Amino acid sequence: MENSAFVIVDPSQIFRPEITNFQTKYTNDNDFQCNKEKSLFRNFTLEVDDKIQRRVRQTYLQMHTFQTVDFVTSRLNYWTTFDKAELTVMETLEKLNNLVDESDPDVDVPNIVHAFQTAERIRAAYPQHDWFHLTGLIHDLGKMMVLIGEQQWAVVGDTFPVGCAFDESIVYRNSTFHNNPDLQNPKYNTKYGIYSKHCGLNNVLMSWGHDEYMYRVLSNHDACRLPSEALYIIRYHSFYPWHFSNAYNHLSNNWDMEMLPWVREFNKFDLYTKSDELPDVDRVRSYYQTLIDKYIPEIGRASCRERV
């Protein structure tokens, strides 16, 4: 495994039809500066013959076919035994060094570089919030599931609720859900489905992916001292139908709406740090180790029995 390279195909980085309006909806140019012209981000071809588009659509087709209430429940039961790996944060980042997202035109560097890019840009903008810096560093650590056998469509990409009607804002909504078994269950196909009005996203089953897994790892760790804002960002940063398109607000409660600005603020750093300016990882590593020791000491050692 040490010499193996894994390729994560993250469809969320390829096709979001609404992404062209991202700048006007999410960012304030007076508050956030990017070395790369924003118009150059998400510069994709949508030609039918484009092999990346075909691969991305296939990933979403698998995701939208197999992400069901039963599947999500099974993955929760499987992964939340917390016995699949024993890794510290820095060890996990090093493992993710083998994960290059070839589907993302804004990133041609390993995941560890993107992690430090995100963290360092947050650090520059919010020097007073060291927990926010650490959140930027660890937000994608859940992708380590790929290293120990999880399928990519169950790790990357935009997340969405299961157990209720699939919203039109979900990427490829009208062309990839047709074989999803939950469409045949009437109780899952109403606006609220198995949920109730403003029940809160904490009570909603989300499609399984790296967001939920990392949130569960941190929540399971008794020594975790990250604030609730950090845990919330990690859990919902891929929930684009909600934090970008304002879908599923009928399931959100007051706490969700209070946390929403933090998710949106984080998201612009997650997206717009994907430029040619690379951080000096060796120079800043010790700073982030102090944050790990402060907020999530020995996170990977808790409730684990096997080494990756």
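The values are calculated or read from the model by the stated rules, or taken from the named source; none is laboratory data. For clarity, every value in this text was computed on a predicted model and none was experimentally measured. Heads up, the Cβs are rebuilt from the backbone with ideal geometry, glycines too, and the neighbour counts pull from every protein chain shown. All accessible areas refer to the heavy atoms of the entire protein, side chains included, with ligands and DNA or RNA removed. Shrake-Rupley method; radii C 1.70, N 1.55, O 1.52, S 1.80 Å.
For this structure, a couple of remarks:
- Residue in segment 160-175 that is under 18 Å from the mean Cα position of the chain (by Cα) and farther than 17 Å from residue 66 by Cβ present: yes
- Cβ-Cβ under 6 Å pairs, at least 6 apart or on other chains, segment 173-186 side over 9 Å from residue 61 (Cβ atoms), far side polar (S, T, N, Q) and surrounded by 13 or more Cβ atoms within 10 Å (Cβ to Cβ): 180/65; 181/68; 182/68
- Members of segment 180-204 that are in contact with a Phe, Trp or Tyr (Cβ under 9 Å, 6 or more places away or on another chain) and part of a loop (DSSP other than H, G, I, E, B): 180, 189, 194, 199, 200, 204
- Residues within segment 57-78 that are part of a helix (DSSP H, G or I) and under 15 Å from residue 153 (Cβ atoms), tallied: 14
- All conditions but one from (1) in a loop (DSSP other than H, G, I, E, B); (2) within 20 Å of the chain's Cα centre (by Cα) apply to residue 279; the one that does not is (2).
- Unmet requirement for residue 207, which otherwise passes all of (1) under 21 Å from residue 147 (Cα atoms); (2) open to solvent by 20 Å² or more (accessible area, probe 1.4 Å): (2)
- Residue match in segment 273-293 (condition: in contact with a Phe, Trp or Tyr (Cβ under 7 Å, 6 or more places away or on another chain) and within 28 Å of residue 70 (Cα to Cα)): no
- Filter result (within 17 Å of residue 142 (Cβ to Cβ) and of a type outside the set (Ser, Thr, Tyr)) within segment 232-260: 233, 234, 235, 237, 239
- Boolean, residue 203 is more than 21 Å from the chain's Cα centre (by Cα) and among the polar types (S, T, N, Q): no
- Count of segment 115-126 residues which are more than 11 Å from residue 281 (Cβ to Cβ) and either charged (D, E, K, R) or assigned to a helix (DSSP H, G or I) (or both): 6
- Within segment 224-232, one or more residues are open to solvent by 40 Å² or more (accessible area, probe 1.4 Å), in contact with a helix residue (DSSP H, G or I) (Cβ under 6 Å, 6 or more places away or on another chain) and assigned to a helix (DSSP H, G or I).
- Options 202, 253; residue that is surrounded by fewer than 22 Cβ atoms within 10 Å (Cβ to Cβ) and within 27 Å of residue 292 (Cα to Cα): 202
- When residues of segment 241-295 are limited to those that are among the acidic types (Asp, Glu) and at pLDDT 95 or above, the one farthest from residue 204 (Cα to Cα): 293
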